[in-house]
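Quick notes on the structure that follows.
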Amino acid sequence: MVRVDTVEEMFDLAMAFSHQPVPRGNRVAIVTNAGGPGIIIADACEANGLVVTELADATKAFLRDHFPEEASVTNPVDMIASATAQSYRVAVEAVLADPNVDAVVATFVPPLGVRQEDVAEAIVQVAAGEREKPVLAVLMGRQGLPQGLAELNEAGIPGYRFPESAVRALGAMYRYRRWLERPVGAVAEFAADRDGAARIIAAARAEGRAKLTETEVMQVLEAYGIPVAPYRLAATEEDALEAARGMGWPVVMKVVAERIVHKSDVGGVVVGVEDETALRAAFRRLTTEVPSRAGIGADEVRGVLVQAMVAGGKETIIGMTHDPQFGPVLMFGLGGIYVEALGDVVFGVQPVTDVDVREMVRSIRGIRLLEGVRGEPASDLGAIETALQRVSQLVGDHPEIREMDVNPWIAFPSGGVAVDGRITVG
Ligand code: ADP
Ligand code: MG
């Protein structure tokens, strides 16, 4: 599917796609009888992912022999205002034969004495038999325009009134060529504890809960081989202390309560807990002040999650949501608590292939942050891709999952780890 934004663009593209071959590459030759349109087309090419190609020496020599000295025989080929219909025959034929050229855009501004219809006819004559390289024409005069365009269109040469329209269509054809050549990719199949995850989901549903707890989410992720930071749910201060000693300081402590969705909004996440004193204070706050700030009873707190504190990564989000038309879609983006503010997420239809996840990860706007800027090391994009594929398998195996996210997935220079997540079941 090729997406267009306007009806005009739809017709422009349909004209090109329905009559012309899709170019093999993006190297364009421009043939014109005036400098301005040639430059406009060249600029439009750059903006549409096309290249104003260097013509082969033989082509340039041939054109040099056939055109006046003032003409430019480098691309854009500018035959100047004295060009006739015959000039178009010669030049278009020459660039079409050039091995450095994948597509041709011919444009004409009528000077006195040369008829638009005749130029159209000349372009048709040389381009009609071409099977490999698309030829698009731009007629910019007023007199004879309907006749000229009709002549072109009857012969299957898309004719446009504006240079940008032709180039936009050609750019779309080239993108389509790239899509045709894109490998299909494969959906990976990872070893996973499918039944273990199913049991956790079933238990929550049996209790009438739509939302898994933080620890249940971690267990489901672990069942699918998605790395999570070491954690333990502590019911008492002593439990929490023992957990922290077991995993090593510093730790992060989080309130666990079904009705607290965004823990940090209510002070429910305490990072950098360095020692016993800090741990005890945090535990008390998380079980008294925090629920009251969240407007829930202290008895609704299921406990405090003690988690190893990880440092030196980039926060990203990996998730899944249901699209009314596409069904389950995977999501990836820059994450953490600023995910909504950044709005830098991309989607892929489940199940995603290895090729899909590669493209997804690289198509966020902030990809350079993950590739390493200002001397920072690059994040492990491969680990993100694998986590995305594992989440894809997880939600495919368990259609009860309506929505989920791992936020943040902390991406390290090597590997990555989930420190928080949400799963909603239906
Ligand atoms: P919530 O999304 O419910 O507010 P999170 O568990 O995602 O809670 O924590 C909020 C933020 O705290 C994270 O985006 C991250 O910046 C930080 N954080 C949470 N857990 C850890 C951890 N184990 N190590 C380091 N930072 C963490
Ligand atoms: Mg979070």
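The values are calculated or read from the model by the stated rules, or taken from the named source; none is laboratory data. Keep in mind that this is a model prediction, so the values were computed, not measured. Quick reminder, even Gly has a Cβ in these numbers, built from the backbone with ideal geometry, and neighbours come from all protein chains shown. To get the accessible areas, we keep the full protein, side chains included, count just its heavy atoms, and leave off ligands, DNA and RNA. Shrake-Rupley method; radii C 1.70, N 1.55, O 1.52, S 1.80 Å.
With a ≥ b ≥ c taken as the square roots of the eigenvalues of the C-alpha gyration tensor of segment 250-295, please select rounded if a/c is under 1.5 and otherwise prolate if a/b is larger than b/c or oblate if it is not? Prolate shape, in that a/c is at least 1.5 and a/b is the bigger ratio.
For segment 1-63, what D do you get in µm² per second when you plug the Kirkwood radius from alpha-carbon pairs into Stokes-Einstein at 4 °C and 1.567 mPa s? The estimated diffusion coefficient comes to 93 µm²/s. Volume per residue for segment 48-116 equals 91 cubic angstrom (convex hull of Cα atoms).
Helical runs (DSSP H, four residues minimum) scored at -39500 (n - 2.57) apiece and divided by the length of the chain put the mean residue ellipticity at 222 nm at -12500 deg cm²/dmol. Surface composition of segment 221-290: carbon and sulfur atoms hold 51% of the protein heavy-atom accessible area at a 1.4 Å probe. May I ask you to work out the translational diffusion coefficient for segment 64-153 at 4 °C, viscosity 1.567 mPa s, via Stokes-Einstein with Rh from the Kirkwood sum over Cα pairs, reported in whole µm²/s? Once the numbers are plugged in, D ends up at 97 µm²/s.
With coordinates expressed along the principal axes, the C-alpha atoms belonging to segment 151-231 extend over 72, 28, 24 Å, beginning with the largest. Charge tally for Ala192 (other residues, Cβ to Cβ under 15 Å; Lys, Arg +1; Asp, Glu -1): -2.
Loop-resident GluC sites (Glu not before Pro) (DSSP state other than H, G, I, E or B) in segment 128-236 with no more than 14 further Cβ atoms inside 10 Å of their Cβ: Glu132, Glu189, Glu207.
Calculated accessible area for segment 93-175 comes out at 41 Å² per residue, all protein chains present (probe 1.4 Å; ligands, DNA, RNA ignored).
Surface exposure of segment 1-55, expressed per residue as accessible area with a 1.4 Å probe, stands at 51 Å². Counted over all Cα-Cα pairs of segment 172-212, pairs farther apart than 13 Å make up 70 percent.
For segment 145-198, with all protein chains in place and a probe radius of 1.4 Å, 51% of the accessible heavy-atom surface sits on carbon or sulfur. Taking Lys and Arg as +1 and Asp and Glu as -1, the other residues whose beta-carbon sits under 14 Å from that of Pro324 total -1. If you wrap the tightest convex hull around every Cα atom of segment 1-142 and split its volume per residue, you get 113 Å³.
Over all Cα atoms in the chain, the spread is summed up by Rg and Dmax: 31.0, 97 Å. Segment 215-280 and segment 1-35 have their alpha-carbon centroids 57 Å apart.
The residues of segment 206-352 present an accessible area of 46 Å² per residue when probed at 1.4 Å with all protein chains retained. Counting only residues at least eight positions apart within a chain, or on another chain, the lysines with an alpha carbon under 27 Å from that of Lys60 are Lys133. Its Cα centre serving as origin, segment 155-295 has a Cβ charge dipole (Lys and Arg +1, Asp and Glu -1) of approximately 1040 debye.
Taken along its three principal axes, the alpha carbon spread of segment 90-234 comes to 90, 33, 25 Å, from the longest extent down to the shortest. Compute the helix-to-body angle for 7-19: its Cα long axis versus the longest principal axis of the chain, expressed 0 to 90° and rounded to tens. The two axes meet at around 60 degrees.
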